[in-house]
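K.L.:
To start, I am sharing the structure in question, which I have written as structure tokens.
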Amino acid sequence: MTYEFILSEKKGRVGLITLNRPKQMNALNAKVMQEMAAALYAFDADEGVGCILITGNDKAFAAGADIAAMKDYSYMDAYKSDYITRDWEHLRKIRKPVIAAVAGYALGGGCELTMMCDLAIAAENAKFGQPEINLGIMPGSGGTQRLPRFTSKAIAMDLCLTARMLDAQEALRAGLVSRVVPVDTLMEQALAMAEKIAGYSLPVVMMIKESINRAYETSLAEGVLFERRVFHSQFALEDQKEGMAAFVEKRKPTFKHR
Ligand code: HXC
């Protein structure tokens with residue numbers, strides 16, 4: 001499948017999506033998001049894929065929603081087309097882990113896209129921000145909700161109210177990303193991370209993602225109960241038998257993803 005604004009390819013068991021509007025700093029318009037959704041659903045349905053990686057280029061992961069495309073929207077245009085909800089929320093339905101590999105700018109919708117992924121790895125030149133206030137608007141793809149949950153209320157207020165950007169090290173300290181690496185090794189390290197995840201038992205990986213994401217949607221008691229039920233179910237997996245037998249027999253497990 002070929003796309004206009006993204007590249008989509010398989011690298012072993014990793015599904016790689018590269019945002020490809022370099023002249024517009026990977027600004028996110030409806031077509032980009034629709035193409036990304038198609039690629040995401042295809043990888044999610046592919047038994048040969050265990051982890052998905054979304055990246056941009058060295059200058060920009062994505063500099064936000066496409067300002068030129070939305071500048072003349074009326075309220076009715078936004079409301080009737082269900083702007084953002086219609087094309088951007090597909091990522092939340094993906095059951096395999098999605099990693100954001102971020103170099104350069106991740107601003108506005110680009111920062112929100114990062115937070116909609118399950119985890120993020122940043123290059124040293126990465127910059128994260130919610131500068132919508134400069135444009136006379138506020139974040140509209142979850143920024144005001146995910147930033148305080150993933151970082152802190154103070155950092156969310158700071159970024160959204162002043163348009164200040166976080167550099168990669170600040171983003172690491174704030175909890176927005178889990179690793180920071182040199183720019184020229186970003187893809188190598190992000191792919192290694194994705195390959196490692198993709199090598200584990202796929203149902204276990206999916207259940208871990210589902211359980212951790214549950215922590216953001218429910219109380220601790222309910223979340224722990226959810227985890228316990230899912231954990232118990234894993235004793236029905238062939239991969240649990242294989243993983244534990246391999247440990248006892250001092251060999252590497254061969255997971256069958258069931
Ligand atoms: C459309 C964009 C764009 C965007 C950059 N470009 N960001 N086009 N939408 N979000 C375009 C520029 O217009 C320019 O096109 C080209 O990309 C290069 O950008 P420059 O500004 O010349 O580059 P530079 O000086 O290096 O500055 C980079 C930058 C700056 C700091 C990223 O472009 C910038 O501030 N962009 C806007 C960031 C932003 O406000 N994002 C939030 C958008 S609103 P030409 O044709 O002149 O070469 C949003 C919220 C939506 O995301 C709600 C939910 C998603």
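K.L.:
Mind checking which pairs have a first residue in the stretch 9-36 that is closer than 21 Å to Tyr73 by Cβ and a second that is open to solvent by 80 Å² or more (accessible area, probe 1.4 Å) and aromatic (Phe, Trp, Tyr), Cβ under 9 Å, 6 or more apart or different chains?
P.N.:
Cβ pairs passing all conditions: Met25/Tyr105; Asn26/Tyr105.
K.L.:
Then there's this: Sort out which residues of the stretch 35-72 are open to solvent by 10 Å² or more (accessible area, probe 1.4 Å), of a type in the set (A, V, I, L, M) and touching a strand residue (DSSP E or B) at 6+ places or on another chain (Cβ under 7 Å), and write them in order of number.
P.N.:
Ala63, Ala65
K.L.:
Run Thr144 past the list (1) surrounded by fewer than 24 Cβ atoms within 10 Å (Cβ to Cβ); (2) touching a Phe, Trp or Tyr at 6+ places or on another chain (Cβ under 6 Å) and report the number of the one that doesn't hold.
P.N.:
It is condition (2) that Thr144 fails.
K.L.:
Going through the stretch 55-71 one residue at a time, which ones are outside any loop (DSSP other than H, G, I, E, B), under 16 Å from Asn20 (Cβ atoms) and near the ligand (Cβ under 10 Å from one of its atoms)?
P.N.:
Filtering the stretch 55-71 down to residues outside any loop (DSSP other than H, G, I, E, B) leaves 55, 60-62, 65, 67-70.
Filter again for under 16 Å from Asn20 (Cβ atoms), leaving 55, 60-62.
Passing the criteria: Ala60, Ala62.
K.L.:
Taking the stretch 72-117, which residues are among the aliphatic types (A, V, I, L, M), closer than 19 Å to Arg21 by Cβ, in contact (Cβ under 8 Å) with a residue 60 or more places away in the chain and within 12 Å of the ligand (Cβ to nearest atom)?
P.N.:
Listed by number, the list holds a single entry, Leu113.
K.L.:
Among the residues that make up the stretch 159-168, is at least one of them at pLDDT below 95 and under 24 Å from Gly129 (Cβ atoms)?
P.N.:
No.
K.L.:
Exactly one of (1) touching a residue at least 24 places away in the same chain (Cβ under 8 Å); (2) surrounded by 13 or more Cβ atoms within 10 Å (Cβ to Cβ); (3) out of contact with any His (no Cβ under 8 Å at 6 or more places or on another chain) is unmet by Pro182. Its number?
P.N.:
The single condition Pro182 does not satisfy is (2).
K.L.:
Here's something else I'd like to know. Has the stretch 73-87 got any residue that is touching a Pro at 6+ places or on another chain (Cβ under 7 Å), surrounded by fewer than 24 Cβ atoms within 10 Å (Cβ to Cβ) and assigned to a loop (DSSP other than H, G, I, E, B)?
P.N.:
no
The values are calculated or read from the model by the stated rules, or taken from the named source; none is laboratory data. This is a predicted model, so every value here is computed, not measured. Neighbour counts are summed over all protein chains in view; Cβ atoms, including those assigned to glycine, are modelled from backbone coordinates with ideal geometry. SASA here: full protein model, heavy atoms, side chains in, ligands and nucleic acids out. Shrake-Rupley method; radii C 1.70, N 1.55, O 1.52, S 1.80 Å.
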